[in-house]
Amino acid sequence: MKVIQLYKSENQLIKKAIKEHRDAQRQLYTRYSPKMLGVCRRYIKDVHYAEEVMLTGFLKVFTNLSKFKFEGSFEGWIRRIMINESISFLRKEKQVLFTEEIMNYSEESWNNINVELEVNQIQELIDGLPVGYRTVFVLYAIEGYKHGEIAKTLGISESTSKTQLFKARKMLQQKLNLQNKSNHGTIKI
Amino acid sequence: MAPLKFEERIKEQLEERVIEPSDNSWDRLETALTKTKHKQKRLKKNWQYGIAAIFAGLIIFTSIKINENSVVDKGAPKIVDSSREVIENKNVPVIEKLRSDTLLTPHSRTELVEIESKKSLPNSLSSFSQKENISSIKKKGITAVISTEEQKKTVTSNFYSPLPIKGDSLNAIAHELSVVDSTLIENKLKEMAAQIKEIEDKEGGVTEEEISRLLLEAQREITTKKLMKSTTIDATALLQGVEDELSETFKQKVFEALKSGFQKVRTAVVTRNNQ
């Protein structure tokens, strides 16, 4: 019941926000901005830049709100805008470099990693990856994009996306191994 | 404990993660929103002005075009295809299929007459010579085929003097009309001479005014007769006539003005002398 009410109230908020009601816009912003900043932060190391990107994303959200058709989830719609904004920021900064190397890799060893990590530690590990690896890894592993979608979004080939993911995983594994050595066996492989 | 998939775990953890934006972040966004709104409004206004300007321009352009057309309609002389009108005249001989480069010479005319005369001969005898003649005519580039016997006679009669025909039959018809005109003018001149003689006999002399009046009358009569003779009305000639009349009245007006002015001056001079 509460969910339905929330859904209804959200739709009403969106409709008001389309009519440029500042209060409605503010409420939507307050509701989604913390999550969306988290999304932007996955791609962009610096939180200030991430916030800038998030604000630009929200500006686009409110100016193009009339294009939202109330079919899918509103959060998903905003998230997509945020991801695209983050990628275009990285492109502008010319930080994204993709190497075209096809490698054979197995997902078996990677998925068998049993590790207890805090969110901040995970973020640190991801931040340690080169931008190209990081972007593909976050898109694939966190956002749940397929290689085809990643290729389309980043303007690369599917094989490049696969290579980037493989390299990202390999690098993360190496980092986890290093942490394991320094922490004396908190990570089990 | 079964090994958890590493990626799924980090995904869950990252999904739950929230980062609070800075305190003034909403203010910045609001300012940006206001700026964008103003920009959009300005853009919308510019578009409206642009459309209005285009619309106004179109209206002005159309009105100018319409005015131009109306001026052209009023001022431009109407072209009458007089050649067609003349051709339709039943009294005038019709020459069919006359090529533009055809030249009717006296020699060719005699050949045509020969063809006519030979037609009266029995077919068996005349067919060969006729063919020969026709071929010779064709060789000379004459393709004029005269539709009826009467028309042939008209072409070969004395009324139709040797005339180079170039282009179409219009020239021939015009020439015929000019011959009729010249006889008319000659007759009128004779009439005028008789009238002048009569006036001289009666009054002992003829003034220039009288001569000009007679000339004018004669001119009018000739024009009327011409119009009566021709079944078609030439719009250009009519227009010319009207223009002539207009210019004449203007001339008269000028003379009248000069005359009255001269009278006034003369009266003034006489009055001063008397005083």
Given the structure, is residue B:95 modelled with pLDDT under 55 and among the hydrophobic types (A, V, I, L, M, F, W, C)? yes
Please verify whether the range A:46-61 includes one or more residues that are buried (at least 17 other Cβ atoms within 10 Å of the Cβ), charged (D, E, K, R), out of contact with any strand residue (DSSP E or B) (no Cβ under 9 Å at 6 or more places or on another chain) and not assigned by TED's automatic domain parsing to the domain that holds residue A:149. yes
Can you tell me which residue within the range B:1-18, out of those that are over 18 Å from residue A:43 (Cα atoms) and at the interface with chain A (Cβ under 7 Å from one of its Cβ atoms), is surrounded by the fewest Cβ atoms within 10 Å (Cβ to Cβ)? B:3
Pick from the range B:19-39 the residues that are in a loop (DSSP other than H, G, I, E, B) and loosely packed, with under 13 Cβ neighbours inside 10 Å: which of them is nearest to the other protein chains (Cβ to nearest Cβ)? B:20
Quick one: what pairs do we get from the range A:116-127, first residue within 8 Å of chain B (Cβ to nearest Cβ), second aliphatic (A, V, I, L, M) and in a helix (DSSP H, G or I), C-beta under 6 Å, 6+ apart or different chains? A:122/B:10
Identify, please: which residue in the range A:69-95 is of a type in the set (Asp, Glu) and touching a helix residue (DSSP H, G or I) at 6+ places or on another chain (Cβ under 8 Å) and is, among those, surrounded by the most Cβ atoms within 10 Å (Cβ to Cβ)? A:85
Given the conditions (1) within 11 Å of another protein chain (Cβ to nearest Cβ); (2) more than 30 Å from residue A:168 (Cα to Cα), report the number of the one that residue A:50 does not fulfil. (2)
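The values are calculated or read from the model by the stated rules, or taken from the named source; none is laboratory data. Because the structure is predicted, anything quoted here is derived from the model rather than measured. Glycine also receives a Cβ, built like all others from the backbone with ideal geometry; neighbour counts cover every protein chain displayed.
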